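Let me begin by presenting the structure, written as structure tokens, before commenting on it.
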Amino acid sequence: MQTIAGNVEEKLRERKIKKIHLEGDRQGNWILLDFGAVVVHIFTQEQREYYQLERLWADAPHRKWE
């Protein structure tokens, strides 16, 4: 999870997008990275199944990331 979070931060920093807030435990089960218009949730599989964010955000618009 740390590697994923670090990679996301690095790629967005390259695009001049600054992180507003970091929440969660980088050694734990989840990390939330808030970049303002973009929020990144990183979970273990168990936490992903528990929170079911896809269901929670099912009506939100989807954006393709390249």
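Computed extension length for GLU46-TRP65: 4.4 nm, one decimal, from 0.36 nm per residue of separation with the Cα-Cα distance subtracted.
Computed over the chain, the Cα gyration tensor eigenvalues convert (square root of 5λ each) into semi-axes of 20, 17, 10 Å, ordered from largest to smallest.
Note on the chain: with charges restricted to the Cβ of Lys and Arg (+1) and Asp and Glu (-1), its dipole about the Cα centre is near 360 debye.
Since every read-out is calculated from the coordinates, none of them should be taken as a lab result. Keep in mind that this is a model prediction, so the values were computed, not measured. Cβ: placed from backbone, ideal geometry, glycine included. Neighbour counts: every protein chain shown.
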